[in-house]
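Below is one structure, written out as structure tokens; comments come after it.
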Amino acid sequence: MNEHLIKEENLVYKKPSTLLDVSMHYCPGCGHGTVHKTLMEVVEELGIESNTIGVAPVGCSVFAYNYMNIDMQQAPHGRACAIATGIRRVMPDKYVFTYQGDGDLAAIGTGETMHAASRGENFFTIFINNGIYGMTSGQMAPTTLEGMKTTTCPRGRDVKTMGYPLYLGPILAQLPGVAYVTRQAVDSVAHVRNLKKAMLKAFEYQKQKLGFCLIEVVSNCPSNLKMTAVQANEFVRNTMIPNYPLGDIKTPEGK
Amino acid sequence: MGEIRLMKGNEALAESMIRSGCDAYFGYPITPQSEVLEYLSNEDPMKRTGMVVLQAESEVAAINMVHGAGGCGKRVMTTSSSPGISLMQEAISYMASAEVPCLIANVMRGGPGLGTIQPSQGDYFQATKGGGHGDYHLIVLAPSTVQEMVNHVRDGFELAEKYRTPVFILADGAIGQMMEKVELFDQIPRKTDAELPQEWATTGRGSRKMRNFITSLNIQPEKMEVINHHLQEKYRTIEKNETRFETYKIEDADYIFTGFGLGARICKKAADMAREKGFKVGVIRPITLYPFPTAVYQKYAGKLKGILDVEMNSGQMVEDVRLAVGDKTRVEFYGRMGGMIPAPDEILEHFEKIFIK
Ligand SMILES: Cc1ncc(C[n+]2csc(CCOP(=O)(O)OP(=O)(O)O)c2C)c(N)n1
Ligand code: SF4
């Protein structure tokens, strides 16, 4: 129909060449797809696809290696930061990142994350905070907010018996080995742009070998929140972000 | 002739690791193998060969660091002792499935639980029958001398890379702690980046058009079964090509003492003592516990009056011996547990009580 309009000079949007041409398994409206695309745009823009190695977690993004055309390893649940340590120590000239959900990073993998950060390992971690366990169908995550309902806190998270939400970003920011901690979101175009800037910085800091960097991304999980994509983003905006305020928590330039 | 030194088993293993061109070691302290990490830290292998040595925060982290570095096609090793090896099992299963080569040594101590720091062979089942979840095997080498601690490291790396599989050295606390004369081989150079396996390793894409990825996930059952068949075929090839064992005074033997590692050394002594008393006893010592040297037992079973299996556990390898010989000959067991080591005269006494009376 309008085929004649599809020309290079008319394009306002394009899939980065670093993303493989396959359809993603993520639910409609899920933030994982947006973060994947943003990350691969950054890798493409920096021209580092041939010397970047990624680590996928156990969680909905376990299949990240099906989409990103860079070398990748899939880690056991929670162990991505240990795998990345192993990679980065023997490949000191490559860019290395992990991509992890909140269950993977802030529950089962807290130890590995904390110690990699404390050693100041030169890789960065993308931490998808969607407040819930996606892959296993909506159980309570360490990031689940007080009062928020999930399948394992159906009456809402009772902090007296289930513990408080864990704010791992600010905790990691205390460690001298950590260069950069920032919290971004993918609920709006403006926020995605900021996320992209943060990713560019994290690659730059890694190049300078400044230490461990963490990019927390406040994201959604429409399927398990039982919301439409639009509602899920409104939930991120109105409920998650007020509890997880966006912005830099620690930068190499100053605290 | 290589350099001769008097060395502790754990230190010999560590020195052999450096000389084998190892790229990285990740470990966590636990008795009776802490000398490995201490020796390496002291040697500063980064200066000697560029080898990375890192004390991890746990065995879980150590084995996953091994996964990461091994997935890059590098020569990588970790060591631990029984409780630490239990912690590593999930990642070992992942590596067996994703075909990540690496070398792991278990310098066994007595269990179950925290048990004792004294030597034991209680982890035979764990090492040879899987250990972690799923359907897999590791190649398992069982050193019985400090010299074999040295040789098995070099051989273990070669086997790991040849078959793209984790390889296991199953030693016990006594082999780790005892001092013996060893001959060391000359330094094998570490692999250059150009020698890393581009067919599968995550080295960074470089000039490749498509990525490499390391995963053990195959969510569709029909695809997973293809992987299962592939792994099983590999294990059959390993069984065919890599079975190793040693025999001692076996040709005229009426009886066989059998055991692995330290147990087999004691069996040799006990066999000599039995011969002095006029009983023709020989020894079979499996060097690979997986693949198990079934054929050598089968070869001699028909002409034997009996086999006495001696282990520092409640009777684990004996199941494989019985499976090998069926009802062709009588198989009896003698073992000590809890970190106790059987003495040759104990074995002889037990042998006479059961077989001679
Ligand atoms: C050792 C182990 N324990 C539990 C699981 C089951 N499991 C798979 S994904 C997951 C949670 C994932 O949640 P999260 O990390 O928040 O990522 P999301 O799916 O939300 O992106 C769990 C518990 C597992 N695969 N392995
Ligand atoms: S379950 Fe949730 S996190 Fe997982 S793909 Fe669906 S929306 Fe995304």
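Some observations on this one:
- Any chance B:Ser58 is surrounded by fewer than 24 Cβ atoms within 10 Å (Cβ to Cβ), in contact (Cβ under 8 Å) with a residue 40 or more places away in the chain and within 11 Å of chain A (Cβ to nearest Cβ): no
- Filtering the range A:124-141 to residues that are more than 6 Å from ligand 1 (Cβ to nearest atom), crowded, with 24+ Cβ neighbours inside 10 Å and not in a strand (DSSP E or B) leaves only A:Gly131.
- The lone criterion from (1) over 24 Å from A:Arg88 (Cα atoms); (2) in contact with a Phe, Trp or Tyr (Cβ under 6 Å, 6 or more places away or on another chain) left unmet by A:Tyr205 is number (1).
- Note on the range B:198-231: residues that are more than 10 Å from chain A (Cβ to nearest Cβ) and within 25 Å of the chain's Cα centre (by Cα) total 5.
- Candidate set: the range B:1-48, residues that are part of a loop (DSSP other than H, G, I, E, B) and open to solvent by less than 30 Å² (accessible area, probe 1.4 Å); chosen: the one farthest from the other protein chains (Cβ to nearest Cβ): B:Gly2
- Tally of residues being in a strand (DSSP E or B) and within 16 Å of ligand 2 (Cβ to nearest atom) across the range A:142-153: 1
- Looking only at residues of the range B:154-200 that are touching a Pro at 6+ places or on another chain (Cβ under 9 Å) and of a type in the set (Phe, Trp, Tyr), we find that the one that is most open to solvent (accessible area, probe 1.4 Å) is B:Tyr163.
- Restricting the range A:219-239 to residues that are small (Gly, Ala, Ser) and open to solvent by 30 Å² or more (accessible area, probe 1.4 Å), the residue that is farthest from ligand 1 (Cβ to nearest atom): A:Ala229
- Beta carbons closer than 9 Å, at least 6 apart along the sequence or on distinct chains, pair a first residue in the range A:74-101 that is closer than 19 Å to B:Thr203 by Cβ and part of a strand (DSSP E or B) with a second that is open to solvent by 20 Å² or more (accessible area, probe 1.4 Å) and of a type in the set (Ser, Thr, Tyr) for A:Gln74/B:Tyr94; A:Gln74/B:Thr215; A:Gln74/B:Ser216.
- Every residue from the range A:12-30 that is in contact with a Pro (Cβ under 9 Å, 6 or more places away or on another chain) and open to solvent by less than 80 Å² (accessible area, probe 1.4 Å): A:Cys27, A:Gly29, A:Cys30
- Of all residue pairs spaced 6 or more apart or on separate chains, those with beta-carbon atoms under 8 Å, a first member in the range B:297-319 that is hydroxyl-bearing (Ser, Thr, Tyr) and a second member that is assigned to a loop (DSSP other than H, G, I, E, B) are B:Tyr300/B:Ile250; B:Tyr300/B:Ala253; B:Ser314/B:Gly122; B:Ser314/B:Met337.
- Scanning the range A:101-123 for residues being within 11 Å of ligand 1 (Cβ to nearest atom), charged (D, E, K, R) and within 14 Å of chain B (Cβ to nearest Cβ) gives a total of 1.
- Residue in the range B:270-283 that is in contact (Cβ under 8 Å) with a residue 40 or more places away in the chain and under 20 Å from the mean Cα position of the chain (by Cα) present: no
- Each residue in the range B:38-51 was checked for being in contact (Cβ under 8 Å) with a residue 24 or more places away in the chain and closer than 22 Å to A:Pro92 by Cα, and 7 of them qualify.
- Filter result for A:Ala82 (under 22 Å from A:Gly31 (Cβ atoms), away from ligand 2 (no atom under 16 Å from the Cβ) and within 8 Å of chain B (Cβ to nearest Cβ)): no
- Among the candidates B:Lys234, B:Lys249, B:Lys223, the residue that is surrounded by 13 or more Cβ atoms within 10 Å (Cβ to Cβ) and either polar (S, T, N, Q) or not assigned by TED's automatic domain parsing to the domain that holds B:Phe157 (or both) is uniquely B:Lys249.
- Counted residues, the range A:40-67 - those being within 16 Å of ligand 2 (Cβ to nearest atom), at negative phi and either open to solvent by less than 40 Å² (accessible area, probe 1.4 Å) or within 12 Å of chain B (Cβ to nearest Cβ) (or both): 10
- The residues on offer are A:Val159, A:Val96, A:Val90, A:Val189, and the sole one that is within 22 Å of A:Cys60 (Cα to Cα) and more than 16 Å from ligand 1 (Cβ to nearest atom) is A:Val96.
- Contacts under 7 angstrom Cβ, first residue in the range A:186-204 being within 13 Å of A:Met40 (Cα to Cα), partner part of a helix (DSSP H, G or I) and open to solvent by 60 Å² or more (accessible area, probe 1.4 Å), 6 or more apart: A:Phe203/A:Leu46
- Single residue of B:Met88, B:Met77, B:Met51 found to be within 10 Å of chain A (Cβ to nearest Cβ) and touching a helix residue (DSSP H, G or I) at 6+ places or on another chain (Cβ under 6 Å): B:Met51
- Within the range B:306-344, tally of residues that are of a type outside the set (Ser, Thr, Tyr) and in contact with a helix residue (DSSP H, G or I) (Cβ under 7 Å, 6 or more places away or on another chain): 20
- Residues that are open to solvent by 70 Å² or more (accessible area, probe 1.4 Å) and in a loop (DSSP other than H, G, I, E, B) within the range B:201-214 comprise B:Ser207, B:Lys209, B:Met210, listed in sequence order.
- Subset of the range A:184-193 (residues that are open to solvent by 10 Å² or more (accessible area, probe 1.4 Å) and assigned to a strand (DSSP E or B)): A:Gln184
- Residue selected from the range A:68-79 under the condition closer than 30 Å to B:Met46 by Cα and within 13 Å of ligand 1 (Cβ to nearest atom), by the criterion farthest from the other protein chains (Cβ to nearest Cβ): A:Gly78
- Subset of the range A:199-218 (residues that are of a type in the set (A, V, I, L, M) and open to solvent by 10 Å² or more (accessible area, probe 1.4 Å)): A:Leu200, A:Leu210
- Residue under evaluation A:Lys196, criteria (1) crowded, with 24+ Cβ neighbours inside 10 Å; (2) in a helix (DSSP H, G or I); (3) away from ligand 1 (no atom under 16 Å from the Cβ), criterion not met: (1)
- Unmet criterion (only one of (1) farther than 30 Å from B:Tyr25 by Cβ; (2) crowded, with 17+ Cβ neighbours inside 10 Å) for A:Thr98: (1)
The values are calculated or read from the model by the stated rules, or taken from the named source; none is laboratory data. This is a predicted model, so every value here is computed, not measured. Because the Cβ atoms are built from the backbone with ideal geometry, glycine has one as well, and the counts that use them run over all protein chains shown. Calculation scope for accessible area: heavy atoms of the full protein, side chains included, ligands and nucleic acids excluded. Shrake-Rupley method; radii C 1.70, N 1.55, O 1.52, S 1.80 Å.
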